1. Using the alpha-carbon atoms, what tilt in degrees (0 to 90, nearest 10) does helix 177-188 show relative to the longest principal axis of the chain?
2. Any chance you could check the Cα centroid distance between the stretch 12-84 and the stretch 299-366 for me, in angstrom?
3. Which value results for Rg/Rh of the stretch 58-145 when Rg is the Cα radius of gyration and Rh the Kirkwood radius based on the inverse mean 1/r?
4. Based on Cα coordinates alone, diagonalise the gyration tensor for the stretch 30-186, multiply each eigenvalue by 5, take square roots, and list the semi-axes in whole Å, largest first.
5. Per 5 Å bin, what is the whole-percent P(r) computed from every C-alpha pair distance within the stretch 1-86?
6. Treating only the Cβ atoms of Lys and Arg (+1) and Asp and Glu (-1) as charged, compute the dipole magnitude of the chain about its Cα centre; round to the nearest 20 debye.
7. When ligands, DNA and RNA are left out and all protein chains stay put, how many square angstrom of accessible area per residue does the chain have with a 1.4 Å probe?
8. Taking all pairs of distinct Cα atoms, average 1/r, flip it, and tell me the Kirkwood hydrodynamic radius of the chain in Å to one decimal place.
Amino acid sequence: MDKMNDEFYMSLALDMAERAQGQTGINPVVGCVVVKDGAMIGLGTHLQRGTGHAEVHALNMAAGKAQGSTAYVTLEPCSHYGKTPPCSQRLIDEGVARVVVACEDPNPQVAGRGVAMLREQGIEVEVGLLRSRALRLNEKFIKYILTKQPFVTLKSASTLDGKLATRTGDSKWISNGQAREIVHTLRHRHQGIMVGVNTVIADNPSLTTRMEVPGLNPVRIVIDSTLRIPLDASVVSDKQAPTIVVTTESADPVKRAALTDAGVQIVVSGAGPRVDLQAAMMALGELEIGSILLEGGGTLNGAMLENGFVDRVILFFAPKIVGGGVAAPGTFDFPGVELMRDAITLEGLEVEVLGDNVCISGTPIR
Ligand SMILES: NC(=O)c1ccc[n+]([C@@H]2O[C@H](COP(=O)([O-])OP(=O)(O)OC[C@H]3O[C@@H](n4cnc5c(N)ncnc54)[C@H](OP(=O)(O)O)[C@@H]3O)[C@@H](O)[C@H]2O)c1
Ligand SMILES: [Zn+2]
């Protein structure tokens, strides 16, 4: 059984925040636990953008009895008047005696202000308990708030020799059920899902979230310089989720109008011949897409990785070897480096065994 201490309550607050991943849009996920005289009197989680913050829910539950309590919050309480009044003020007004915070507000312009506001009123504040877990939990929010560009997770399911399909293009199925369930959870946890146009042409994927329980569908994003996407592609016609096609100024205006009529949003990034990926990332950021799951194919994966747009790599491997040389598409198709010392290298490696599949994830070193 867990020992009851500060860590016990903070990890509950983090657990609650973790469960809300994917449903707060560009907002962070935050959990709060209010404890008084050895008992929890309030629990709160920020569930959706524009709705109450975690501290507000927890203090509402405490119903005026938070005088002298300790509040555990996974992110520094806010200090500015945004869509809601600042939580630091609410903690002060309720007479909370001690506030334990897992991590500071990542935005350097506001970092520390919430903590300072509490301390000025004589509240005891501790910062940094389970910080690395809290930072990891909000890595998408942190990237977006600091750069206004989406956090990109590259996911691929390949054979042991790194192939996404055989030399004839057959790709169903590579990974096992356990791995595929995780992929659908990843879709739920990202605001956008991105593929290259060749993947749409080859596989006609629906790119929706299919889990045991209903999940959220990300916005579907197709990178397509000349609008080769077929009008009868599922992502154009099935109305399961919004679709954005990112293209160039050189794309055919007639095809563009037809896609718009079909309900697709067109984003123009660059003059061509290919989509300017930097401009695309900025445009998607402006559309408030704060996180993207990149699902291939190899050409787009390679280009995104090479240009430094990938923040996390999650690779599922199945115990299969299919060979096929260049005819069989791989996870990363790009011109490649000359020397091993120039390889794109991952750090913070994690390995998870999923039955007969293995998941290796890490962060590309910039
Ligand atoms: N097993 C799996 O999980 C899985 C997942 C995904 C894909 N796949 C397989 O992968 C294959 C498709 O992969 P692919 O490598 O041929 O294509 P892809 O990555 O899906 O699409 C690449 C295309 O994107 C367009 N593009 C536009 N701007 C770009 C830019 N700046 N950088 C890179 N690409 C840009 C290019 O076409 P334009 O210039 O015409 O726009 C390019 O040819 C299919 O066989 C599919 O079955 C398998
Ligand atoms: Zn707040």
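The values are calculated or read from the model by the stated rules, or taken from the named source; none is laboratory data. Every value quoted in this text rests on a predicted model; they were computed, and no experiment measured them. Heads up, the Cβs are rebuilt from the backbone with ideal geometry, glycines too, and the neighbour counts pull from every protein chain shown. All accessible areas refer to the heavy atoms of the entire protein, side chains included, with ligands and DNA or RNA removed. Shrake-Rupley method; radii C 1.70, N 1.55, O 1.52, S 1.80 Å.
1. Orientation of helix 177-188: about 70 degrees from the principal axis.
2. About 37 Å separates the Cα centre of the stretch 12-84 from the one of the stretch 299-366.
3. Details: Rg = 12.8 Å, Rh = 13.3 Å.
Result for the stretch 58-145 is an Rg/Rh of 0.96.
4. Numbers: eigenvalues 334, 60, 35 Å².
Rounded to whole Å, the semi-axes are 41, 17, 13.
5. Going from the shortest bin to the longest, the percentages are 3, 16, 25, 25, 17, 9, 3, 1, 0.
6. On the way: 34 positive and 40 negative charges, 77 e Å.
It comes to approximately 360 debye.
7. On the way: 17460 Å² over 366 residues.
Solvent-accessible surface per residue comes out at 48 Å².
8. Details: mean 1/r = 0.0448 Å⁻¹.
It works out to 22.3 Å.
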